[in-house]
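Beneath this line is the structure, given in structure tokens, with notes to follow.
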There are 2 protein chains.
Amino acid sequence: MARAGLTADRVTLTGAELADEVGLDHVTMSAVARRLGVKDASLYVHVRNLEDLRGRIALLAADEKTIRIAEATAGRAGKDALVAYANAYRDYAHAHPGRYTATQIPMQIDPELLARAPGPRRAIELTYSMLRAYHLDEPDLTDAVRMMRSMLHGFINLEAAGGFAHARPVEDSWVRCLDALHALLENWHAHREGDPA
Amino acid sequence: MARAGLTADRVTLTGAELADEVGLDHVTMSAVARRLGVKDASLYVHVRNLEDLRGRIALLAADEKTIRIAEATAGRAGKDALVAYANAYRDYAHAHPGRYTATQIPMQIDPELLARAPGPRRAIELTYSMLRAYHLDEPDLTDAVRMMRSMLHGFINLEAAGGFAHARPVEDSWVRCLDALHALLENWHAHREGDPA
DNA sequence: GTTACTTCCTAATGTCTCTAGGAAAGAGGC
DNA sequence: GCCTCTTTCCTAGAGACATTAGGAAGTAAC
């Protein structure tokens, strides 16, 4: 009998495809094995268990997403870069809903595996360096990064969960939110604690 | 043999407690039945299936969260109300992580059940009426509501997922984000499309 | 106390995760 | 080619869970 030629990466990729098609929580060992034409038990050579597989999918997604963002923002600065960043982020989530979901689960990933994946670390660097154009110093920089991430992440999440039921097109709100975010970053230092009401 | 006195609400509440203790995706029919001292099959009289149970937990959480927010914002206005709203929101998520998680799943809830639950609708009304103090007209109002929800939801989510690894205390960033949000809402009309860089 | 409804149980099926142990494919040395 | 070592994949099987069908025993109305 010919070998199926499995590797951890191939198992992960198959899981990721499945996640995009049927949702992350329908990604089972059985389903992945079925799709690969292999018995369930065979997967355990390459992947520790279901949780490990999910972690690997999350890492794959983080890497892919980071690459998209890096490409989109390359050579851009200021609001241009912000919009490119945000759109690349959102586009990835739309194109790969299952993978994107995987990035959100409370990370209980094998630390060794995590250390080898460039995605998460690079994503942070990318974000900080992009926001550096707004001339913020610590701790403002970190606060701004957190705010920006919260907004993007939250928007995409709510959108995916069907949380925007109003008639107003989501696309229009998105553009408006990015405008607002840009304005906010530019005037970050102006609205500290006790600014006039 | 005495009856256990089950009702849909009691099953839901037990599921919610379990969710807060061990995480939403460890809420199983078996586990809920065990805690209630009842066999798995007995639950199916009160709850259609696992998905239905999860939906009910989500609705319960939405109701509870809305009540907390309503209490917190009662009699307040402007930034005071905004901060009270946001803190009540976040406090609820901290106090009931499992229930809060339930509110985030793409809602595939029994429409009839949804119609009877006051939470979701009331939450929207509450938000709109709070933001009305910032004197925004449609479609700005809806955009602002969406931005605010995105930010709060995203921040709490990232926080829960351990996404804020930096040394800067999360609490401080939170306060700063609320300041920024308030400033943003006050000057919402000022930063439209082509504002000066 | 009879009737009817509801609640809860037993029993059973199918799916899924994960482990143990075996067979066979492929690589390298001779 | 043949032997050996490693890795890959399989068979078998235990244990958890979701879900359905059908039966027995409480409870309420009359």
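Remark: relative contact order (the range A:1-79) = 29 percent; criterion is Cα-Cα distance under 8 angstrom and separation of 6 or more residues.
Quick one: compute a quarter of the convex hull surface over the Cα atoms of the protein assembly as shown and quote it in nm². Provide the component values of the computation, followed by the final result.
Numbers: hull surface 91.0 nm².
Result: 22.7 nm².
Expressed as a fraction of 2.2 N^0.38 Å, the rule-of-thumb size for a compact globular protein of N residues, what is the C-alpha radius of gyration of the range B:97-143?
So the range B:97-143 has a normalised radius of gyration of 1.46.
Placing a label point 7 Å from the Cα of B:His94 along the Cα-to-Cβ direction, the distances to the matching points in the other copies come to 3.6 nm, shortest first.
Extent of the range B:67-197 along its three principal axes (Cα atoms, max minus min coordinate, largest first): 48, 39, 31 Å.
Along the axis of the charge dipole computed for chain A (Cβ charges of +1 for Lys and Arg, -1 for Asp and Glu, origin at the Cα centre), the listed residues A:Leu6, A:Val145, A:Leu181 are led at the positive end by A:Leu6. The residue of chain B whose Cβ sits closest to the rotation axis that maps B onto A, together with that distance in whole Å, is B:Gly154, 1. A point 7 Å from Cα along Cα→Cβ stands in for B:Ala165, and the other copies hold the same point at 3.8 nm, listed in rising order.
Computed from the C-beta positions of B:Ala190 and A:Ala167 and an R0 of 30 Å, the FRET efficiency is 0.75 to the nearest 0.05. Distances, shortest first, from the label point of B:Asn187 to those at the same position in the other copies read 0.2 nm; the point lies 7 Å along Cα to C-beta. Against chain A, whose longest principal axis is taken from its Cα atoms, helix A:170-186 shows a tilt of about 60°.
Can you show me the helix-derived [θ] at 222 nm for chain B, built from DSSP H runs with n ≥ 4 at -39,500 (n - 2.57) apiece and divided by the number of residues, rounded to the nearest 500.
Details: 9 runs with 130 residues, N = 197.
Here the helix-only value at 222 nm equals -21500 deg cm²/dmol.
Just in the range A:1-70: which trypsin sites (Lys or Arg not before Pro) are loop by DSSP and have at most 15 other Cβ atoms within 10 Å?
Here the trypsin sites (Lys or Arg not before Pro) that fit, given the DSSP loop and packing criteria, are A:Arg3, A:Lys39, A:Arg48.
Along its principal axes, the range B:1-119 has C-alpha extents of 56, 29, 29 angstrom, given from the largest down. Simple rule: put +1 on each Lys or Arg Cβ and -1 on each Asp or Glu Cβ in the range A:57-155, find the dipole, and look at A:Thr73, A:Ser129, A:Ala93; the Cα lying farthest toward the positive end is A:Ala93. Listed by chain and number, the aspartates and glutamates placed with their C-alpha closer than 13 angstrom to that of A:Lys65 are A:Asp91; residues fewer than eight positions away on the same chain are left out. Provide the FRET efficiency to the nearest 0.05 for the A:Asp63-B:Leu126 pair, computing r from the beta carbons and using R0 = 25 Å. It comes to 0.05.
Values quoted throughout were computed directly from the atomic coordinates according to the rules given, and no laboratory measurement underlies them. Small disclaimer: the values here were computed from a predicted structure and weren't measured. Cβ: placed from backbone, ideal geometry, glycine included. Neighbour counts: every protein chain shown.
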